[in-house]
Structures are given as C-alpha cells and as structure tokens.
Amino acid sequence: MERPLTKNIRPGQEPLSLVEYEQAGGYLALRKALTSMSPKDVQDAVKASGLRGRGGAGFPTGMKWSFVPLGEHAPKQKYFIVNADEMEPGTFKDRLLLEGDPNLLVEGVILAAYAIQADRAYIFLRQGYTLAAKRLRRAIAEAYAKNYLGKGILGTGYNLDLRLHTSAGRYICGEETALINALEGRRATPRAKPPFPQVSGLWGKPTVVNNVETVMNISPIIANGAEWFKSLSRSVDGGTKVYGVSGRVKRPGAWELPMGTTLRELIEERAGGMQEGFRLRGIIPGGASTDVLLPEHLDVKMDFDSVGKAGSRLGTGTAIVLDDHTCPVGFVHNLEQFFRRESCGWCTPCREGLAWIEQTLRAIESGAGEMSDLDMLAGQCRLLGPGNTFCALAPGAVEPLQSALKYFREDFVRHIKGKKCPWK
C-alpha cells in the first residue's frame, strides 16, 4: 500500500532534513507546478483528485479554492492559512504529521498558496505542540535558504512569505473565522457568514484556511496525478486517511490507510482489538464531537458518506472506544465539561446551553438527577443543533450526548433511579 503522507516518517527519529527530503522526491511537485502549471491547473488537479478536507467538515478542497477571486481585477493581496490548532479531544493525527514530516507540509503550503495566487501564508499552530513548532521552524528556514520560499521562487516570478504563528490556546480557534480573528490579534470568536473567508478573510482580504492533513496531500497529488490519488481509496473519496484509535484497545495509535477502511479493520486488526476483560460498547468515530456508533456498525466504511449514513460523521477519523467498564454517563459528562469550558461565549445557546447540559449531567452522575432531566437534555440537543448557533461548536458538542441518550438510555435511568453512578 502506498502511504504518501507517512512514507517519510521515522518513528523515534528526527524528521528528514531538506536534503534527505529532496532525495526522497521532495519539492519535485513544486518545480512541476511553477514551471508547467498555472494556478488554475493546480486547482483543477486537486478538484479532479476528489480530495476532501481532513479537518472534519469534508468540504471538497479544490472547490473551496475556486471561490477565491483570481485574475487581474481580483484583490492583489491574498492569504493562505494552515489550521494546525488540533484541540479536538481524541484527535492526534496532525501532531504525527507535523512532527514526522514538516517539509511535506511546507511544500503543500507553497503549492496551495500558488493555486490561489497568495503571497503570504501562515501556519496557525496549537500552543502545546512545542516539538512540532521547533521542527517547523527548521523546515521553513531551510526552505528559505533554498529559495523554495521568499522572492522569485526557483527563478520564477512567484513570491511567498510563510510565517509560523503559535496559538494562545483555545479550542474555538479551530473554527476558521475565529482563527482568523485570533491571527489578527482580536478575540477568537466566529464571524458571521457571508462574507466567506475566500472573499473577505484575514484583514478583509481573500483567504483560504485548510487543515494540516489536507495540505499535506497537495504535493503527492501534483506529483502523481489525480487518478493515482483516487486509486489509493476504497471509496468515492480520494486518497488515504490518517486514522487513529484510543481507549482500551491493545495497540492504540494512528495509521495511514486507504480512505474507506472499515471500523472493524481499524479496531480489531490495527489496534489489536479490546484489552483482555473488556468488551466494546460504542465508538465515537471522528473525534469527540461526533455521534456514537455501536458494535453493529463495525463494518461501516470510514469515509464521509458511509459514516454519515450510519448516523455519525467521519470528522477527523480518530476513533474513541467506549468499553463496558466505563460509565457512558461519565464518558459523555467528561466531553461536555470540555466543550462548556471551550465555548467562546459569543452566542447564547452555546454559552448557556452547554453550561446547563454539563450541570445536569453532573447531577445525574452524583445521584441527584430526575427523570425529567432526560427530556430536558434531549431538548437541549435540539436547541443547540445545526442552524441554531453561531458556529459548529455547540452542534458538535451535543452529538455524543444525543447518541448516548439514544443508545445508552438505560444507563441514565439506572443513575437516576439508583441515586448514584453504578460504576462507582
């Protein structure tokens, strides 16, 4: 199996130097793009590849780029931003890529910025990723030294300045417009859409924000072609995916596999199945803000459409396993505590609703819950659903709760009737 994203990663070792990266085929895609492809050609190649955003939403990458105005009458100043603010609980795929092959990210940034005719780019990095920051700074410096960045890149007329920006550290910065506000030095709150960032983003100029894993796919696509990229997949979505598994499995970790790999292969083959004495009760398939799936869903393909039909979302593709020794109510309560704390407080449903949900779950866990609380929680899930809040934080926050109420209702009832948590 080809692994374009992780082929250069050497666990426990330093990432490839720029010279080693070049020897492995690095920056050939950039030379190809700058010498024989127009920005529109690069966009078309990415569109044809079927690459969808790997940050959670799954929006077609090439289409997102196409919304940026190009041509002589378009704004001259444009920006490209990498969203490396990976703070979704249970998600660690971008950290693996950032620390393991920073050169691949830098080359992807240059190609993506060229595709939208941007001359300024930023990598917006999670505050706690200090090792990734160190390795990215070195990769960026080496790229400047070889004229892959800066003025007149590789003797062409294309210029690009790339800066690494370390986040102040809030989950809401993962939302692209809140990220843009933070990069401008303002409070990290989401913006109203429209206008969308591709038209009016950073400092009012056309801007594209893409996830780390998304950007690291660009160089392989340009080097090998759209049909090659599509051939790597087992589904209609092109390419490979870095999937992860955490929880009481024998071998938690992350693996680059064909898009459309099943949950069963991830959990039973790659992660080695459940630890001795533990039984699988549920799986959150794509990071903490996705609906729970059950053991009966193990044969679901991990691609955007298949997971959606099963009643959840692919999200980041990093599964969290719930076992039969862990309280489902406490499991969900822990997640809602996080989302309540990380709400930016900008809109009332999220600010007040998540607080009410967390307090109610705490009461149920401590034995002070009432049966009416279950209807109230279900109502809050509806009120905080899509279209009712300023951004997607609250709708994502209630996804694990709404599915837990659906699949593990008897556990909530046992807490309330027994006046305590049965697992304590």
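Remarks
- Residue check for G150: in contact with a strand residue (DSSP E or B) (Cβ under 8 Å, 6 or more places away or on another chain) and small (G, A, S): yes
- Pairs linking a residue in the range 8-30 that is without any contact (Cβ under 8 Å) to a residue 60 or more places away in the chain to a residue that is hydrophobic (A, V, I, L, M, F, W, C) and surrounded by 13 or more Cβ atoms within 10 Å (Cβ to Cβ), with Cβ atoms under 7 Å and 6 or more positions apart or on different chains, are A24/L16.
- Answer residue from the range 382-396, given it is assigned to a loop (DSSP other than H, G, I, E, B) and in contact (Cβ under 8 Å) with a residue 12 or more places away in the chain and is nearest to the chain's Cα centre (by Cα) among those: A392
- Number of positions in the range 294-329 that are surrounded by 18 or more Cβ atoms within 10 Å (Cβ to Cβ), touching a residue at least 40 places away in the same chain (Cβ under 8 Å) and outside any loop (DSSP other than H, G, I, E, B): 10
- Any hit, the range 184-192, residues being within 28 Å of V321 (Cα to Cα) and either aliphatic (A, V, I, L, M) or crowded, with 20+ Cβ neighbours inside 10 Å (or both): no
- The residues in the range 74-112 that are surrounded by fewer than 24 Cβ atoms within 10 Å (Cβ to Cβ), out of contact with any Phe, Trp or Tyr (no Cβ under 7 Å at 6 or more places or on another chain) and either without any contact (Cβ under 8 Å) to a residue 12 or more places away in the chain or under 16 Å from T166 (Cα atoms) (or both) can be counted, and the count is 2.
- Residue, surrounded by the fewest Cβ atoms within 10 Å (Cβ to Cβ), within the range 219-258, restricted to residues that are in contact with an Asp or Glu (Cβ under 8 Å, 6 or more places away or on another chain) and within 19 Å of K64 (Cα to Cα): V236
- Leading residue by the ranking (nearest to the chain's Cα centre (by Cα)) among those in the range 165-207 that are among the hydroxyl-bearing types (S, T, Y) and part of a helix (DSSP H, G or I): Y171
- The condition (being within 30 Å of K193 (Cβ to Cβ), at pLDDT 95 or above, assigned to a helix (DSSP H, G or I) and charged (D, E, K, R)) is satisfied by just one residue among E399, E410: E399.
- Residue within the range 131-144 that is assigned by TED's automatic domain parsing to the domain that holds G204 and touching a Lys or Arg at 6+ places or on another chain (Cβ under 6 Å) present: no
- Single match in G353, G369, G345, G379 (criterion: closer than 30 Å to R191 by Cα and assigned to a loop (DSSP other than H, G, I, E, B)): G345
The values are calculated or read from the model by the stated rules, or taken from the named source; none is laboratory data. The shown structure was predicted, so the numbers you read here are calculated from the model rather than taken from an experiment. When we count neighbours, we look across all protein chains shown, and the Cβ atoms used for this are built from the backbone with ideal geometry, even at glycine.
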